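Chemist: Got a structure here, written out as structure tokens. Questions coming.
The values are calculated or read from the model by the stated rules, or taken from the named source; none is laboratory data. The structure displayed is predicted, hence computed values, not measured ones. FYI the Cβ positions are ideal-geometry reconstructions off the backbone, even for glycines, and counts take in every protein chain you see. Remember, those area values only see protein heavy atoms, side chains included, never the ligands or the DNA or RNA. Shrake-Rupley method; radii C 1.70, N 1.55, O 1.52, S 1.80 Å.
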Amino acid sequence: MQHLAPGKALDLGCGEGADAIWLATQGWLVTGVDISATAIARARREAQRQQASAATRFVTADLARWEPDDGPYDLMTASFLHSPVPLPRIAILQRAATTVRAGGHLVVLSHAALPPWVDAADHPAHSFPSPARQFVELNLNEHDWLVLSIQTHTRHATAPSGEAAELTDGVLLLQRR
Ligand SMILES: C[S@@+](CC[C@H](N)C(=O)[O-])C[C@H]1O[C@@H](n2cnc3c(N)ncnc32)[C@H](O)[C@@H]1O
């Protein structure tokens, strides 16, 4: 995102705000939304600590119901927007995608598989579609969106047991025409 000219951004499921605050330090005006009031309170505190409060707005809301309210956006990000309870993730991304302006970008980072140390049977509501699958499910108009990247990649991690492990992430990068 470093090569993009700063504008207005929306971060879906922003957690404690690290990505939103980083964008703000790069000149972006950012709205971060998360269902966790604790995470949002921490995001606000961290933004204050990094003198990024003026460029960030953090909202506590359930994205299943929240309507983007200060668009259009030049950048929409959703990083690891997963939940152990049912989450209408694709509908959330589709709704937010409508608020990306022409020339703007949509970046979706996701876990493309459960961590190897987690038993899938313990997480029946968690789903980890590949970025290619997500792109199909998003069902975006191909005349409106340019696919810049659809990739999975692995990274090294340490399992809670201390053993080395690999995690698979998905990256979907689109630009609105
Ligand atoms: C794995 S964390 C990722 C946080 C951050 N984006 C990051 O990359 O570090 C997933 C986040 O999605 C949020 N989330 C899950 N369901 C949500 C919902 N229905 N509405 C808003 N946020 C939600 C969680 O509270 C959590 O902060």
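Chemist: Considering the zone a paramagnetic label at H143 would reach in this model (a point 7 Å from Cα along the Cα-to-Cβ line), which residues of region 74-112 have amide N under 19 Å from it?
Modeler: Taking a point 7 Å out along Cα→Cβ of H143, the residues of region 74-112 whose backbone N falls under 19 Å are 98-104.
Chemist: From the Cα gyration tensor of region 114-155, with a ≥ b ≥ c the square roots of its eigenvalues, which class applies: rounded if a/c is under 1.5, or else prolate if a/b is larger than b/c, or else oblate?
Modeler: Oblate.
Chemist: Which whole-Hz ³J(HN,Hα) couplings does region 9-23 yield from phi under the Karplus relation 6.51 cos²θ - 1.76 cosθ + 1.60, θ = phi - 60°, glycine and proline marked x?
Modeler: 10, 10, 10, 8, x, 6, x, 7, x, 4, 5, 4, 5, 4, 4
Chemist: I would also like to ask the following. When you take every Cα atom in the chain, what is the radius of gyration, and what is Dmax, the widest Cα pair distance, in Å?
Modeler: So, for the chain, Rg and Dmax equal 16.3, 48 Å respectively.
Chemist: Once you have the Cα-Cα distance between T60 and H153, take 0.36 nm times their residue separation minus that, and quote the gain in nm to one decimal.
Modeler: 30.4 nm
Chemist: Go through region 56-72 residue by residue and turn each phi into a ³J(HN,Hα) via Karplus (6.51, -1.76, 1.60, θ = phi - 60°); whole Hz please, and just put x for glycine and proline.
Modeler: Calculated HN-Hα couplings, in order: 10, 10, 10, 10, 8, 6, 7, 5, 5, 10, 6, 9, x, 10, 9, x, x Hz.
Chemist: Related question: Place a +1 charge on the Cβ of each Lys and Arg in region 8-176 and a -1 charge on the Cβ of each Asp and Glu, then give the dipole magnitude about the Cα centre in debye, rounded to the nearest 20.
Modeler: Dipole about the Cα centre, nearest 20: 420 debye.
Chemist: Where in region 137-177 does the label zone of D122 land, with the point 7 angstrom along Cα→C-beta and an amide N cut-off under 14 Å?
Modeler: Counting only backbone N, you get 159-162.
Chemist: Same structure again: Give the long-range amide H neighbours of C14: residues separated by 5 or more places, or on another chain, with amide H under 5 Å away, using H modelled in the peptide plane at 1.01 Å from N.
Modeler: V33, D34
Chemist: Taking only C-alpha pairs under 8 Å that are 6+ residues apart, what is the relative contact order of region 8-176 in percent?
Modeler: 20
Chemist: Leaving out ligands, DNA and RNA, what percent of the accessible area of region 8-176 is carbon and sulfur, probe 1.4 Å?
Modeler: Roughly 52 percent of what the probe reaches on region 8-176 is carbon or sulfur.
Chemist: How much accessible area per residue does the chain have, in Å², with a 1.4 Å probe?
Modeler: Per residue, the chain has an accessible area of 53 Å².
Chemist: Quick check on region 84-135: take the gyration tensor over C-alpha atoms, sort the square-rooted eigenvalues as a ≥ b ≥ c, and tell me if it's rounded (a/c under 1.5), prolate or oblate.
Modeler: prolate
Chemist: A follow-up question, please. List residues of region 152-177, by number, whose backbone nitrogen lies under 11 Å from a label position 7 Å along Cα→C-beta of V136.
Modeler: Taking a point 7 Å out along Cα→Cβ of V136, no residue of region 152-177 has its backbone N under 11 Å.
Chemist: Which whole-percent values make up P(r) of region 45-123 when all C-alpha to C-alpha distances are grouped in 5 Å steps starting at zero?
Modeler: With a bin width of 5 Å, the distribution comes to 3, 11, 18, 20, 17, 15, 9, 5, 1.
Chemist: Pop out the ³J(HN,Hα) list for region 87-104 in order, Karplus 6.51 cos²θ - 1.76 cosθ + 1.60 with θ = phi - 60°, rounded to Hz; leave Gly and Pro as x.
Modeler: Rounded to whole hertz, the list is 9, x, 4, 5, 5, 5, 5, 4, 4, 5, 4, 5, 9, 7, 6, 4, x, x.
Chemist: Please list, ordered by chain and number, the residues whose modelled amide H lies under 5 Å from the amide H of Y73; skip anything fewer than 5 residues away on the same chain.
Modeler: Residues meeting the criterion, in which the H sits 1.01 Å from N, are V100, R101.
Chemist: Right, here's the next one. Given a 1.4 Å probe and heavy atoms of the protein chains only, how would you sort L174, L87, largest accessible area at the top?
Modeler: L87, L174
Chemist: Taking H placed 1.01 Å from N in the peptide plane, check which residues at least 5 places from L148 or on another chain put their amide H under 5 Å from its amide H.
Modeler: The answer is L173, L174, Q175.
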